[in-house]
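Each remark here refers to the structure printed beneath this line.
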Amino acid sequence: MNIGGVHLTRIGSDDMLLEPTRALDISDTGTLLESILECLQREKSLRLYYDLAEMAVIDPVYFAWLENLSRACRAINVRIICIHMQPTAAFGLATFLHAAPSFETALDMQSLREES
Amino acid sequence: MAKNKTPVNLTLIEQLKLQVGNISGRIEAQGRNVFGDSNVMSTDEITDFSIEFLELMVALLDSDDPLDHHRPAFRALQTFFGNISKQILVRGGRMEDFVRYMQFLQRCFIESLGADEHVSPEDMRAILLLLSSVFNELMLAVFQTYLEEKERTIDAQQRELRETSTPITEIWDGVLTLPIIGTLDSSRTLLIMESLLNRISSERARAVVMDVTGVHTVDSQVSHHMIQMVRAIQLMGATAILTGIRPEIARAMTSLNIDLGNVTTRATLSDGLKEAFRLLGVVVSKA
């Protein structure tokens with residue numbers, strides 16, 4: 001399903017995959033957050049995989065969006081796991097982060113499944 | 001604008017032509033004396049050097065303005081000396097010896113003039129000025145070559161050192177090890193992070209064991225860089241395991257208020273590997 005610049009796909013029984021598109025506008029996150037959370041609750045999801053494969057750079061604004069989404073998801077008991085973070089994005093993020101992010105990270109869905 | 005050939009140039013050319021055998025012989029003898037023992041230049045090479053040098057010198061004096069550094073004749077002489085000095089450096093020769101040899105070449109010209117009583121004091125003064133100017137420029141060219149070669153060597157050494165100082169090894173499927181030796185400054189951290197993150201992505205590594213046994217001192221900058229690397233690894237979705245933290249490093253980190261709460265640490269590299277294997281569900285047992 002498409003919600004204002006993100007594509008949400010159900011994968012497995014409890015998991016959803018969020019793929020941001022180029023149309024994603026994070027300047028007004030309030031409505032977008034509500035729509036995503038509504039969808040997650042409707043689908044009874046427990047985990048949300050956020051695909052960062054297309055994000056070569058994550059700037060503070062985009063990071064703030066990820067943090068907001070993560071905190072909101074935690075409020076409805078959904079774990080958010082960022083996958084496919086690019087080396088360039090990780091490199092950039094690590095230079096300005098002062099604390100660990102509130103979201104989890106994994107190489108990809110498969111590696112997470114192997115761990116669990 | 002091109003100048004006409006001066007009597008000074010003509011006098012010098014004439015002297016060179018008259019005493020070419022004598023000068024050439026002295027240059028070769030001195031060359032053999034300086035470079036012969038060290039095998040920096042063979043006897044044939046010294047002879048070739050002597051002939052070519054005298055030819056280029058005559059061509060320079062024959063040009064309209066020998067002191068114009070942009071003239072082809074001057075450029076040719078500069079290049080000639082540059083190439084010779086490069087060759088000497090590559091073969092392990094000392095630049096000091098070559099510069100002294102150049103001073104000897106200059107002295108050869110001056111001494112050959114002294115033998116000619118037809119050269120007036122004014123001409124002699126002008127010739128000395130001309131020769132010293134030309135040879136000073138040539139020595140600068142040699143010095144320039146020396147610096148360039150040294151810089152190239154230092155660059156190559158630094159590149160090699162960087163590569164060998166950050167050997168990222170995939171010790172098991174999905175497990176990378178990175179022994180860090182020495183100090184972590186900003187430029188080195190950037191290099192390590194860049195190659196490490198790319199390796200995590202390409203090898204799909206799930207655990208990175210960073211061994212800091214070789215790090216003897218830690219200040220706020222070094223510890224900040226270590227935390228930065230750990231965070232970048234975690235952001236990629238891999239687990240960072242920090243091993244080999246010496247007691248004095250641990251103490252220093254505590255006094256610097258560095259919190260390793262989110263970092264998996266183990267005493268030794270071996271323990272770190274065991275932890276990585278445990279994370280991956282790998283069991284290593286005796287056959």
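The values are calculated or read from the model by the stated rules, or taken from the named source; none is laboratory data. Worth saying up front: this structure is predicted, and the values here are computed from it rather than measured. Neighbour counts are summed over all protein chains in view; Cβ atoms, including those assigned to glycine, are modelled from backbone coordinates with ideal geometry. All accessible areas refer to the heavy atoms of the entire protein, side chains included, with ligands and DNA or RNA removed. Shrake-Rupley method; radii C 1.70, N 1.55, O 1.52, S 1.80 Å.
Here are some notes:
- Number of residues in the stretch B:116-140 that are in contact (Cβ under 8 Å) with a residue 24 or more places away in the chain and either open to solvent by 20 Å² or more (accessible area, probe 1.4 Å) or over 25 Å from the mean Cα position of the chain (by Cα) (or both): the value is 13.
- The stretch B:192-225: number of residues that are within 11 Å of chain A (Cβ to nearest Cβ) and open to solvent by 20 Å² or more (accessible area, probe 1.4 Å): 10
- Output for the stretch A:60-100, where each listed residue is at pLDDT below 90 and not small (Gly, Ala, Ser): A:Thr95, A:Phe96, A:Leu97, A:His98
- Taking the stretch A:1-114 and the helices (runs of 4 or more DSSP H) fully enclosed by it, the elements with 3 or more residues that are more than 15 Å from the chain's Cα centre (by Cα) are at A:29-42, A:87-96.
- Each residue in the stretch B:159-191 was checked for being among the small types (Gly, Ala, Ser) and either open to solvent by 80 Å² or more (accessible area, probe 1.4 Å) or away from chain A (no Cβ under 14 Å) (or both), and 2 pass.
Yes/no matrix, rows are residues, columns are (1) more than 20 Å from A:Ile83 (Cβ to Cβ); (2) open to solvent by 50 Å² or more (accessible area, probe 1.4 Å); (3) small (Gly, Ala, Ser):
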| residue | (1), (2), (3) |
| --- | --- |
| A:Leu18 | no, no, no |
| A:Arg22 | no, yes, no |
| A:Asp28 | yes, yes, no |
| A:Thr31 | yes, yes, no |
| A:Ser35 | yes, no, yes |
| A:Leu46 | no, yes, no |
| A:Ile58 | no, no, no |
| A:Val61 | yes, yes, no |
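- Residues in the stretch B:242-273 that are surrounded by 15 or more Cβ atoms within 10 Å (Cβ to Cβ) and either free of Cβ contacts under 8 Å to residues at least 24 places away in the same chain or within 14 Å of chain A (Cβ to nearest Cβ) (or both): B:Ile258, B:Leu260, B:Val263, B:Thr264.
- Of all residues in the stretch B:83-108 being assigned to a loop (DSSP other than H, G, I, E, B) and of a type in the set (D, E, K, R), the one that is farthest from B:Glu14 (Cα to Cα): B:Arg91
- Residue check, A:Leu69 buried (at least 17 other Cβ atoms within 10 Å of the Cβ), closer than 23 Å to A:Arg42 by Cα, in contact (Cβ under 8 Å) with a residue 12 or more places away in the chain and out of contact with any Pro (no Cβ under 9 Å at 6 or more places or on another chain): yes
- Among the candidates A:Met109, A:Met16, A:Met1, the residue that is of a type outside the set (Ser, Thr, Tyr) and in contact (Cβ under 8 Å) with a residue 40 or more places away in the chain is uniquely A:Met109.
- Across the stretch A:87-111, the number of residues qualifying as open to solvent by 40 Å² or more (accessible area, probe 1.4 Å) and within 17 Å of A:Ala56 (Cβ to Cβ) comes to 4.
Here is a yes/no grid of residues against (1) in contact with a strand residue (DSSP E or B) (Cβ under 8 Å, 6 or more places away or on another chain); (2) surrounded by fewer than 16 Cβ atoms within 10 Å (Cβ to Cβ); (3) of a type outside the set (Val, Ile, Thr):
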site	(1), (2), (3)
B:Lys17	no, yes, yes
B:Glu28	no, no, yes
B:Thr43	no, yes, no
B:His69	no, yes, yes
B:Val99	no, no, no
B:Gln106	no, no, yes
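- Residue match in the stretch B:109-127 (condition: within 20 Å of B:Arg26 (Cα to Cα) and not in a helix (DSSP H, G or I)): yes
- With respect to the conditions (1) more than 9 Å from chain B (Cβ to nearest Cβ); (2) surrounded by 13 or more Cβ atoms within 10 Å (Cβ to Cβ); (3) touching a Ser or Thr at 6+ places or on another chain (Cβ under 8 Å), A:Ile83 falls short on a single one, namely (1).
- Candidates A:Ser27, A:Ser102, A:Ser35, A:Ser13 - the one that is within 14 Å of chain B (Cβ to nearest Cβ) and among the hydroxyl-bearing types (Ser, Thr, Tyr): A:Ser102
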